[in-house]
Amino acid sequence: MNTRNIFERELAGEVITLGDAEYPKIAALITQAQRVIAELNTGYRSPAEVRALFSRLTGTAVDESFWLLPPFYSDFGKNTRVGKNVFINHACEFMDRGGITIGDDVLIGPKVNLVTINHPLDPAARRSTYCAPIVIEKRAWLGAGVSVMPGVNIGENAVVAANAVVTKDVPANTVVGGIPARFIKHIDEVRQTREEG
């Protein structure tokens with residue numbers, strides 16, 4: 001007998017169907033998140049108000065150094081964790097049912113999509129979902145329009161070029177870009193060139 005609740009099962013990557021007896025618990029949190037998002041995105045909000053609303057969305061207080069420019073979108077909210085000195089530009093979408101962890105000093109450009117949820121390929125099961133977490137390590141930078149897919153880890157200091165679609169882990173200290181994102185260069189090469197110039 002499975003003793004884990006639906007949230008634990010979802011974070012473990014189990015396929016969740018709309019017919020699951022516990023699915024109404026997920027639906028209730030989705031509805032709650034949409035109320036907070038609507039409040040966040042309606043009218044001007046001071047940085048302190050944005051932090052308070054984001055904390056309410058995630059259920060965890062964020063550091064005073066956290067800075068987000070609305071509008072912001074999320075399908076769930078309760079599985080997002082952010083470190084200190086994180087900047088999130090406008091019009092980003094965090095689909096966080098699988099868990100999103102953002103380290104200190106991360107920069108996230110406008111219109112970035114972090115997607116932790118997926119659907120089975122089988123058409124008969126396609127309304128079901130399964131999840132895998134996204135981790136963005138400290139000092140990473142995601143350019144405008146980047147999409148990060150489920151289960152991806154973005155390494156420390158890494159840069160993801162604008163409009164890239166990231167389907168595999170990005171090593172630390174590298175620059176990646178393209179669709180799907182591929183290695184472009186090491187950050188150390190950039191530092192060395194600058195120092196030599």
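Quick notes
- Considering residues of region 1-52 that are charged (D, E, K, R) and loosely packed, with under 15 Cβ neighbours inside 10 Å only, the residue nearest to GLY99 (Cα to Cα): GLU8
- Selection count where residues are surrounded by fewer than 17 Cβ atoms within 10 Å (Cβ to Cβ) and over 17 Å from VAL135 (Cα atoms), scope region 74-90: 1
- Count - residues of region 118-146 that are open to solvent by 20 Å² or more (accessible area, probe 1.4 Å) and not in a loop (DSSP other than H, G, I, E, B): 7
- Hits in region 12-33 - residues which are among the aliphatic types (A, V, I, L, M) and part of a helix (DSSP H, G or I): ILE26, ALA27, ALA28, LEU29, ILE30, ALA33
- As a summary of the residue check, PHE94 satisfies the conditions (1) open to solvent by 10 Å² or more (accessible area, probe 1.4 Å); (2) touching a Ser or Thr at 6+ places or on another chain (Cβ under 7 Å); (3) free of Cβ contacts under 8 Å to residues at least 60 places away in the same chain; (4) closer than 24 Å to THR31 by Cα except for the one numbered (1).
- Where strands (runs of 3 or more DSSP E) sit wholly within region 44-105, those with at least 2 residues that are over 23 Å from HIS119 (Cα atoms) occupy 80-82.
- Residues of region 144-162 satisfying the condition of being among the small types (Gly, Ala, Ser) and out of contact with any Lys or Arg (no Cβ under 8 Å at 6 or more places or on another chain): SER147, GLY151, GLY155, ALA158, ALA161, ALA162
- Residues that are more than 11 Å from the chain's Cα centre (by Cα) and of a type in the set (Val, Ile, Thr) within region 68-126 comprise VAL86, VAL106, listed in sequence order.
The values are calculated or read from the model by the stated rules, or taken from the named source; none is laboratory data. Bear in mind that the values here come from a model prediction, so they are computed numbers and not experimental data. Note: ideal-geometry Cβ built from the backbone for every residue, glycine included; neighbour counts use all protein chains shown. When the accessible area is computed, the model is the full protein with side chains, heavy atoms only, and any ligands, DNA or RNA have been set aside. Shrake-Rupley method; radii C 1.70, N 1.55, O 1.52, S 1.80 Å.
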